[in-house]
Amino acid sequence: MDLLTPVLQAIGLFLATNIDDIIVLSLFFARGAGIRGTTAKILAGQYLGFGAILAASVLVSLGAATFLPEDAIAYFGLIPLALGLLAAWKAWRGDDDDDDDEKVAGKAISVWTVAGVTFANGGDNIGVYVPVFVTVGTGAIIAYSIVFLALVAVLVVLAKFVATRKPIAEILERWEHVLFPLVLIGLGVVILVEGGAFGL
């Protein structure tokens, strides 16, 4: 079997469905700047979140539709919405204030927060991956999965690169306390609205 075609298709599909993660991951890097282990936590969280997306996609495509009803996907938007509101509340109360020298960088990043945001942001990916997986064979699904998992690391490296460019890093550091909750809240609302959650 020629696996080159599914590999190329997998690369295109991954880029199309995950390129927006660079912005969210860059904000995580900005938030955790200067904290040891930030990259490892973001990488682990991204793999946990995307791994759950991939597992759900494969299970649903194999006929386990009852495992994840299609209507449930929209409600993944509640995860980033809740995290964004919590971050906004902390910023408003001043819980996230640091010394003037540090501004907003240097906040610990949780693996589970990254995983939750990644999973919620990729909820719509399930709706894209399932029809593809249903129409290809087992070998192609395995090829897609391997390529996807390899590209997760590439995505994290690109996000770190973006976040560590001096002009971008300065903007992220100055506005992270505003951008971080706004992006998460916006992401949650978009997922809820596009999925028709709560009759929206």
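The relative contact order of the chain comes to 42 percent, based on Cα pairs under 8 Å that sit 6 or more residues apart.
Counting protein heavy atoms only, the chain has 68 percent of its accessible area on carbon and sulfur, 1.4 angstrom probe. Per residue, segment 118-200 exposes 50 Å² of solvent-accessible protein surface, assessed with a 1.4 angstrom probe and all protein chains in place. Once you order the gyration tensor axes a ≥ b ≥ c over the Cα atoms, which shape class does the chain get: rounded for a/c under 1.5, otherwise prolate or oblate by comparing a/b with b/c? Oblate. Once the 1.4 Å probe is applied to the protein heavy atoms, segment 1-60 comes out at 45 Å² accessible per residue. By definition, a body whose alpha carbon gyration tensor gives a ≥ b ≥ c is oblate when a/c is 1.5 or more and a/b is not larger than b/c, and segment 108-200 fits this oblate description. Take each complete run of DSSP H in the chain, measure how far its Cα atoms stretch along the helix's own axis, and keep only those covering 30 Å or more with mean Kyte-Doolittle hydropathy at least 0.0; list them. Membrane-span-like by this rule: 38-61, 138-164, 166-194.
Only Lys, Arg, Asp and Glu carry charge here, each on its Cβ (+1 for the first two, -1 for the last two); on that basis the chain has a dipole of about 320 debye about its Cα centre.
The values are calculated or read from the model by the stated rules, or taken from the named source; none is laboratory data. Predicted, not measured: the structure shown is a model, and the values here were computed from it. Neighbour counts run over all protein chains shown; Cβ positions are idealised from the backbone, glycine included. Accessible surface areas use protein heavy atoms only, side chains included; no ligands, DNA or RNA. Shrake-Rupley method; radii C 1.70, N 1.55, O 1.52, S 1.80 Å.
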